[in-house]
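What follows is a short report on a single structure.
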Amino acid sequence: MHSRDTSWDSSRIPPWLRVSLPRDPAFAATEALTRDLNLHTVCTGAKCPNKWECYSRRVATFLVLGAVCTRNCAFCNIHPGRAEPPDQDEPRRVAEAVARLGLAYAVVTSVTRDDLPDGGAGHFAAVIRSIRERNPGCAVEVLIPDFKGDEAALRVVLDAAPDVLNHNVETVPGLYPRIRPQARYERSLELLRNSKAAAPAIPTKSGLMLGLGEEMEDVRRVLADMAGVGCDMITVGQYMRPSREHPAVVRWVHPDEFEELAEYGRGLGVRHMFCGPRVRSSYHAAEAAREMG
């Protein structure tokens, strides 16, 4: 049994989660490029702890459809509120950033836009097409919201043929009322099931974070649910509190437990399990996709 830690004292973060700040000039160059093109990244917006590593490798996960979310998930650092209309030039700028960074694999996510009739699906499709036109051969992974269960919106994204369709369940169902009050676990599972049914050749991916108070048996049930809807790739990582206003970390999950979950998922038939304290949905996404073959 590993000890529970509910404090925000950063000095008590376990050693396997501590990272060194970058000295590579590529970090500053990547940050400058996103500012120059007026683009948002989830690396900055969500205060991802892997930003230092990824920016230093000239990798970023693009956050489209603005920087304001119409939902208010307790774990997330993205600000909720009233969003601006979609920026019609954004797909072109994302494609330009992909070209300047020399990416062979681009990951695109968004805030949730419940205010839009299609939830932003058409914008996702435009970004995919723009990246491909500007960067022939570049693979594109999209991490999409649930579109409030709208199958037509999901098909708009699938028709643009992303190389990977990602949608995170984020946590166990029992924590949804506290952590994801405007989402529904069953709706997220249904999206993954519908994606596989509509476009079986496009791999599906999902992820969740640990340390919010879930029981490991609940986590195993979620993995079984995702395997049951044909999810090809699953990521599992440690929840990291973005600020004092966010829910405290209930427990630091030991790396051995992540490996046990990876083995459990593989036993369920999931083709790729990527589990570890620093794992995030888009972390080393290109390598994961390559392993899928």
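Which one of Gly237, Gly230, Gly265, Gly269 is over 27 Å from Arg178 (Cβ atoms), buried (at least 16 other Cβ atoms within 10 Å of the Cβ) and not hydrophobic (A, V, I, L, M, F, W, C)? Please lay out each step first, then the result.
Details: Gly237 fails: over 27 Å from Arg178 (Cβ atoms); Gly265 fails: over 27 Å from Arg178 (Cβ atoms); Gly269 fails: buried (at least 16 other Cβ atoms within 10 Å of the Cβ).
On inspection, the qualifying residue turns out to be Gly230.
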Quiz item: Quick one: how many residues across the range 164-190 are within 15 Å of Thr112 (Cβ to Cβ), touching a residue at least 24 places away in the same chain (Cβ under 8 Å), part of a helix (DSSP H, G or I) and more than 15 Å from the chain's Cα centre (by Cα)?
Solution: 2
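For (1) in contact (Cβ under 8 Å) with a residue 40 or more places away in the chain; (2) under 17 Å from Glu141 (Cα atoms); (3) touching a helix residue (DSSP H, G or I) at 6+ places or on another chain (Cβ under 6 Å); (4) in a strand (DSSP E or B), each residue gets a yes or a no:
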site	(1), (2), (3), (4)
Lys205	yes, yes, no, yes
Met209	yes, no, no, yes
Val222	yes, no, no, no
Ala227	yes, no, no, no
Gly230	no, no, yes, no
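Quick grid of which residues meet (1) modelled with pLDDT of 95 or more; (2) small (Gly, Ala, Ser); (3) over 22 Å from Arg290 (Cα atoms):
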position: Ala95; (1), (2), (3): yes, yes, no
position: Gly119; (1), (2), (3): yes, yes, yes
position: His123; (1), (2), (3): yes, no, yes
position: Asn166; (1), (2), (3): yes, no, no
position: Pro173; (1), (2), (3): yes, no, yes
position: Pro177; (1), (2), (3): yes, no, yes
position: Ser188; (1), (2), (3): yes, yes, yes
Self-check item: Qualifying residue in the range 57-68 (condition: modelled with pLDDT under 65 and either in a helix (DSSP H, G or I) or over 26 Å from Pro145 (Cα atoms) (or both))
Solution: yes
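The values are calculated or read from the model by the stated rules, or taken from the named source; none is laboratory data. As the structure is a prediction and not an experimental result, all values here were calculated from the model. So basically every Cβ, Gly included, is an ideal-geometry build from the backbone, and we count neighbours across all protein chains shown.
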